[in-house]
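Before any comments, here is the structure.
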Amino acid sequence: MRRVLQVLGIAGVLAVSGCGLGTDEGGAVTAARGFYGALDSGDGAKACAQLSIEARQKLVVSAGTACAKAVTSLQLSGRTLRRVEVYGHGARVVFDSDTAFAADFADGWRITAAGCKERATLPYDCKLES
Amino acid sequence: MRLFLRDNGLSLFFGLIFLLALSGQAVAGHADFDNQQLAQGLQPISLGSYLTSAAFATDVMENWQSEFLQFFLYVFATVWLVQRGSPESKEIDKVGRESDEDQKVGPFAEDDSPRWARGGGLRTAIYSRSLGFAMATIFVLSWLAQSITGVTAYNEQQLSQLEAPISWLSYVTSADFWSRTCRTGSRSSWPWARWPF
């Protein structure tokens with residue numbers, strides 16, 4: 001009986017930790033589509049609203065202008081979604097022409113990095129990041 | 001009630017300190033996780049969210065893994081290996097598998113022996129090794145659980161550092177997984193290694 005409980009315990013941990021196994025793809029995709037959709041229509045303010053606070057602040061400091069102007073000047077674009085991977089509270093959203101990273105915050109999913117190019121053994125090189 | 005406490009005192013004591021240690025691990029682990037989140041400009045999470053996170057599950061599975069690996073090794077190693085003077089060890093002249101008569105299996109089983117002990121053949125062979133098999137099975141299951149929760153926790157960290165996530169297959173050949181596994185191995189064997197002292 002004790003062994004049955006131990007096996008059930010392990011199964012329970014697996015089931016519960018499955019909550020962290022990439023189940024909120026919708027939130028990450030919505031944030032990414034909202035971001036690139038706003039950029040496509042030239043709405044920098046709306047695109048900035050999809051960014052995390054840190055990403056927004058860093059962009060403003062590095063560009064030396066308001067966020068809406070700075071984000072549109074990056075000329076980022078993402079039309080066709082290729083794949084999305086969510087692990088815990090983080091996500092990578094890959095489009096045909098760009099890759100973005102997102103994270104789950106108290107007020108929903110926000111973009112933490114965009115305009116990202118993959119490098120072999122190094123972190124992504126991103127035009128915008130937190 | 002008093003009788004229950006007296007008769008089960010040892011189990012209750014270790015059960016209580018296990019729960020206290022697990023609670024401490026949860027609180028300290030949550031604080032550490034949130035510190036890392038804040039350092040990366042990410043959202044701290046509640047204790048409840050942390051308890052259902054892959055990060056916490058991986059650490060718990062690593063502990064359970066070491067316990068069952070320890071018992072699995074103990075069950076099998078003590079058949080053939082001895083330690084002079086240790087109360088946990090067989091006597092020196094009793095090294096090896098004992099006879100069917102000593103173990104009361106097969107034709108030497110008693111009337112109230114379990115059915116699988118009496119039957120002989122494959123069933124008795126399995127029954128004779130059932131404790132080791134049970135410990136090994138639970139160890140393998142917890143190792144598998146650790147690999148599944150571990151790849152999620154690892155990839156969550158990868159994403160926070162703008163690095164590509166990896167597959168489960170890549171994770172079980174990664175340094176992170178084997179570092180945790182070897183940590184489990186050393187944790188399992190140390191309690192027995194200090195017997196002579």
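Scan segment A:80-105 for residues that are small (G, A, S) and touching a His at 6+ places or on another chain (Cβ under 8 Å) and the total you get is 1.
Within segment A:41-79, the set of residues being open to solvent by 70 Å² or more (accessible area, probe 1.4 Å) and of a type outside the set (A, V, I, L, M) comprises A:S41, A:K46, A:E54, A:R56, A:Q57, A:K58, A:S62, A:K69, A:S73, A:Q75, A:R79.
Applying the criterion of being open to solvent by less than 30 Å² (accessible area, probe 1.4 Å) and facing chain A (nearest Cβ under 10 Å) to the residues of segment B:34-43, the residue that is modelled with the lowest pLDDT is B:G41.
Among the criteria (1) touching a residue at least 40 places away in the same chain (Cβ under 8 Å); (2) within 11 Å of chain A (Cβ to nearest Cβ), the one B:L69 does not fulfil is (2). Flag: B:A54 matches the condition of being under 23 Å from B:F33 (Cα atoms), in contact with an Asp or Glu (Cβ under 7 Å, 6 or more places away or on another chain) and either without any contact (Cβ under 8 Å) to a residue 60 or more places away in the chain or not acidic (D, E) (or both). Go through segment A:35-90 and give me each residue that's basic (K, R) and farther than 29 Å from B:P44 by Cα. Passing the criteria: A:K69, A:R79, A:R82. Taken over segment B:44-77, the criterion of being in contact with a helix residue (DSSP H, G or I) (Cβ under 6 Å, 6 or more places away or on another chain), modelled with pLDDT of 85 or more and among the small types (G, A, S) is satisfied by B:S53, B:A54, B:A55, B:A57.
Could you check, for segment B:12-28, whether at least one of its residues is of a type in the set (G, A, S), surrounded by fewer than 18 Cβ atoms within 10 Å (Cβ to Cβ) and at pLDDT below 90?
No, every residue in segment B:12-28 fails to be of a type in the set (G, A, S), surrounded by fewer than 18 Cβ atoms within 10 Å (Cβ to Cβ) and at pLDDT below 90.
The set of residues in segment A:71-102 that are free of Cβ contacts under 8 Å to residues at least 12 places away in the same chain and either more than 9 Å from chain B (Cβ to nearest Cβ) or under 12 Å from A:L39 (Cβ atoms) (or both) comprises A:S73, A:Q75, A:R83. Cβ separations smaller than 9 Å between residues 6+ apart or across chains give the following pairs from segment A:103-130 residues that are farther than 15 Å from A:Q75 by Cα and at the interface with chain B (Cβ under 9 Å from one of its Cβ atoms) to residues that are in a strand (DSSP E or B) and open to solvent by 90 Å² or more (accessible area, probe 1.4 Å): A:Y124/A:K117; A:D125/A:K117.
Of these, A:F95, A:F35, which one is on the phi < 0 side of the Ramachandran plot and surrounded by 22 or more Cβ atoms within 10 Å (Cβ to Cβ)? Reasoning before the result, please.
Numbers: A:F95 fails: surrounded by 22 or more Cβ atoms within 10 Å (Cβ to Cβ).
Of A:F95, A:F35, the one residue that is on the phi < 0 side of the Ramachandran plot and surrounded by 22 or more Cβ atoms within 10 Å (Cβ to Cβ) is A:F35.
Just one of (1) more than 12 Å from chain B (Cβ to nearest Cβ); (2) modelled with pLDDT of 95 or more fails for A:S62. It is (2).
Counting residues that are open to solvent by less than 90 Å² (accessible area, probe 1.4 Å), under 30 Å from B:Q40 (Cα atoms) and more than 14 Å from chain A (Cβ to nearest Cβ), which helices (runs of 4 or more DSSP H) fully inside segment B:87-197 reach at least 1? Steps first, please.
Details: elements: B:100-103, B:115-119, B:121-128, B:130-160, B:168-171, B:175-193.
Fully inside segment B:87-197 and qualifying: B:175-193.
In segment B:1-85, counting only helices (runs of 4 or more DSSP H) that sit wholly within it, the ones holding 2 or more residues that are within 21 Å of the chain's Cα centre (by Cα) span B:9-39, B:54-80. Identify all residues within segment A:44-64 that are more than 23 Å from A:G90 (Cβ to Cβ) and touching a residue at least 24 places away in the same chain (Cβ under 8 Å); write none if there are none. Selection gives A:G44 alone.
The values are calculated or read from the model by the stated rules, or taken from the named source; none is laboratory data. Model, not experiment: these values are computed from the prediction. Note: ideal-geometry Cβ built from the backbone for every residue, glycine included; neighbour counts use all protein chains shown. Note: areas computed on protein heavy atoms with side chains; ligands, DNA, RNA excluded. Shrake-Rupley method; radii C 1.70, N 1.55, O 1.52, S 1.80 Å.
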